[in-house]
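The values are calculated or read from the model by the stated rules, or taken from the named source; none is laboratory data. Remember, predicted model here, so these are calculated numbers, not experimental data. We place every Cβ from the backbone using ideal geometry, glycine too, and count neighbours over all the protein chains shown.
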Amino acid sequence: MRDFFVGTTIRRNGTLVPRPGVAPTWAFSIKMLHLAFSIFCLLFATLSRSEEARYIVTYVYDGDTVKLHPANTFSQKNDFKLRITDIDAPERNQPFGQKSRRALIQLCQGHNVRATTKVIAKDQYQRALGKLQCNGADASLHLVSLGLAWYNSKYANDVALESAEINARAQKLGLWANEKPIAPWAWRRLHQRN
């Protein structure tokens, strides 16, 4: 037991040589066991969290709202509606609303698409709020870059999204091709059901 790695020294040529008379202590063994257990728990928690965050997009309501189904489950009881944060896409009955929805379908819906999200809150309609990644692509950035959603600067602080909207406006992409596009929040006010 005296040749255990705790009782080693390093010679100048880089080889390990046992120090005579030094054996591992029980306290050291327990510390090593505790460290190994902590590392195992940390890895397990990390893997579990990333697994919980994987979803399949089962339905796209519009350019900023989807229905998510947890990956690797058969039950639909854990499905939920996610409102994508930081953007506001045109409503379905608004100009560019269908194009925005189709762009999100193309990016995020399909059996080979892995969607991930981190839910940060719920809105007044009880929808989960969070960012959406589809196969590693940021859905918000994708839609804003194509000119199919507004960057919602009132509720977000994202330099990449702001820059993408400025670029889409300058190139007159998507809804920015119109002379005066109506923002979704203004459209909703004008078309409220009384």
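Among the numbered conditions (1) surrounded by 12 or more Cβ atoms within 10 Å (Cβ to Cβ); (2) within 17 Å of ALA89 (Cβ to Cβ), tell me where ALA186 comes up short.
It is condition (1) that ALA186 fails.
Can you tell me which residues in the stretch 53-89 are more than 14 Å from ALA128 (Cβ to Cβ) and aliphatic (A, V, I, L, M)?
Within the stretch 53-89, ILE56, VAL60, ALA71, ILE87, ALA89 meet the criteria.
Could you please let me know if ALA164 is of a type in the set (A, V, I, L, M, F, W, C) and modelled with pLDDT under 95? Spell out how you get there, then give the answer.
Details: of a type in the set (A, V, I, L, M, F, W, C): yes; modelled with pLDDT under 95: no.
For ALA164, the condition - of a type in the set (A, V, I, L, M, F, W, C) and modelled with pLDDT under 95 - is not met.
Among the listed residues GLU179, GLU91, identify the single one that is surrounded by 14 or more Cβ atoms within 10 Å (Cβ to Cβ) and either farther than 23 Å from HIS191 by Cβ or of a type outside the set (Val, Ile, Thr) (or both). Steps first, answer last, please.
Numbers: GLU179 fails: surrounded by 14 or more Cβ atoms within 10 Å (Cβ to Cβ).
Testing whether each residue is surrounded by 14 or more Cβ atoms within 10 Å (Cβ to Cβ) and either farther than 23 Å from HIS191 by Cβ or of a type outside the set (Val, Ile, Thr) (or both) leaves just GLU91.
In the stretch 145-168, what count of residues is obtained for those that are free of Cβ contacts under 8 Å to residues at least 60 places away in the same chain and either over 18 Å from ALA103 (Cα atoms) or in contact with a Ser or Thr (Cβ under 9 Å, 6 or more places away or on another chain) (or both)? Step through it out loud before you land on a result.
Restricting attention to the stretch 145-168, the residues satisfying the condition of being free of Cβ contacts under 8 Å to residues at least 60 places away in the same chain are 145-147, 153-154, 157, 159-160, 162-168.
In the following step, the residues that additionally are either over 18 Å from ALA103 (Cα atoms) or in contact with a Ser or Thr (Cβ under 9 Å, 6 or more places away or on another chain) (or both) were identified as 146, 153-154, 157, 159-160, 162-168.
Total satisfying the criteria: 13.
Filter the stretch 105-152 down to residues that are outside any strand (DSSP E or B) and charged (D, E, K, R) and give me whichever is nearest to ILE56 (Cα to Cα). Step through it out loud before you land on a result.
The first filter runs over the stretch 105-152 and keeps only residues outside any strand (DSSP E or B), leaving 105-108, 110-114, 123-127, 135-136, 139-149, 152.
The next check asks that each one be charged (D, E, K, R); those that pass are 114, 123, 127.
Numbers: ARG114: 6, ASP123: 21, ARG127: 17 Å.
For the stretch 105-152, the residue satisfying everything is ARG114.
Of everything in the stretch 126-154 that's closer than 23 Å to PRO95 by Cβ and either aromatic (Phe, Trp, Tyr) or touching an Asp or Glu at 6+ places or on another chain (Cβ under 6 Å) (or both), which residue is surrounded by the most Cβ atoms within 10 Å (Cβ to Cβ)?
Residue satisfying both the conditions and the ranking: VAL144.
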